[in-house]
Structures are given as C-alpha cells and as structure tokens.
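Novice: Starting off with a structure, shown below.
Values in this text are rule-based calculations from the coordinates and carry no lab data. Predicted, not measured: the structure shown is a model, and the values here were computed from it. Cβ sites come from the backbone with ideal geometry, for glycine too, and all protein chains shown count toward neighbours.
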Amino acid sequence: MTFQTLCKQRYLGEGESTPFMLDGREVLVLWPDGGQPRAFHGVCPHEGQSLVNNSDFNGRVLICTVHGWVFDGRNGEGLRPEGCRIREYPLRLVDGGLVEVDLEG
C-alpha cells in the first residue's frame, strides 16, 4: 500500500463530506455521524458524474444530485438502487493529525 497525505484531520468534520483532488482524482471523504472518516472515489458509478460537485451528504447517506442515486455513507453501498457501490480507498489517521489515503488500495 502506498499512502499519501491528503490533509490535516482538523479539516474534516463529523457528519460532513469534504472534497479533494489528489493525483488528478476526485476524492470525497465522508465522516458519517457516530463513525469514522472514509475516503471514496468522487465519481458516481451511474454515469460518471462528479460526486465532489454534485452530491449532498446528511451525515448518513450520500445522494448524487444528478440522478438521485443514494449511497450509505459508512461503506459506499448503493441504497437506491441496490447492488452498486462507490469505490472506497483505504484511509488512515496518523500521528501528527494527518489523514492519509491509498489511491491504489
């Protein structure tokens, strides 16, 4: 695994989504209410729409605002429709308050 620094943890908030560009890829970090931060590929699997620019997160679910697809913010699983998912990247919090992500993992 090749982890890269994404940001400082203080830039993330519980119940929020935070967008990033890293190595030319859209990355969306979701921090579900009562959970841990998770990093996802910031593109909807439906028609490749940007979730960085076209989504709404309420602390539990992520909604692609282009066509209404809905994903569980804890694991990226499709809720509407079922059977799809957004790709998750390994994410870790390291000493010094940094957030690292592995785009190849």
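Novice: What's the number of the only condition in (1) in a strand (DSSP E or B); (2) over 19 Å from Gly97 (Cα atoms); (3) within 12 Å of the chain's Cα centre (by Cα) that Arg74 fails to meet?
Specialist: Of (1) in a strand (DSSP E or B); (2) over 19 Å from Gly97 (Cα atoms); (3) within 12 Å of the chain's Cα centre (by Cα), only one is false for Arg74: (1).
Novice: Which one of these does Arg80 not meet: (1) of a type in the set (D, E, K, R); (2) in contact with a strand residue (DSSP E or B) (Cβ under 6 Å, 6 or more places away or on another chain); (3) under 16 Å from Ala39 (Cα atoms)?
Specialist: (3)
Novice: Separate question: Which of the residues spanning segment 72-102 are among the hydrophobic types (A, V, I, L, M, F, W, C) and in contact with a Gly (Cβ under 6 Å, 6 or more places away or on another chain)?
Specialist: As a first pass, look at segment 72-102 and keep what is among the hydrophobic types (A, V, I, L, M, F, W, C): 79, 84, 86, 91, 93-94, 98-99, 101.
Hits for segment 72-102 are Cys84, Ile86.
Novice: Kindly provide the set of residues from segment 14-57 that are closer than 16 Å to Arg74 by Cβ and exposed (fewer than 13 other Cβ atoms within 10 Å of the Cβ), ordered by number.
Specialist: Residues satisfying the conditions are Glu14, Asp33, Gly34, Gln36.
Novice: Looking at Val66, Val61, can you tell me which residue is surrounded by fewer than 19 Cβ atoms within 10 Å (Cβ to Cβ), within 12 Å of the chain's Cα centre (by Cα) and in contact (Cβ under 8 Å) with a residue 12 or more places away in the chain?
Specialist: Val61
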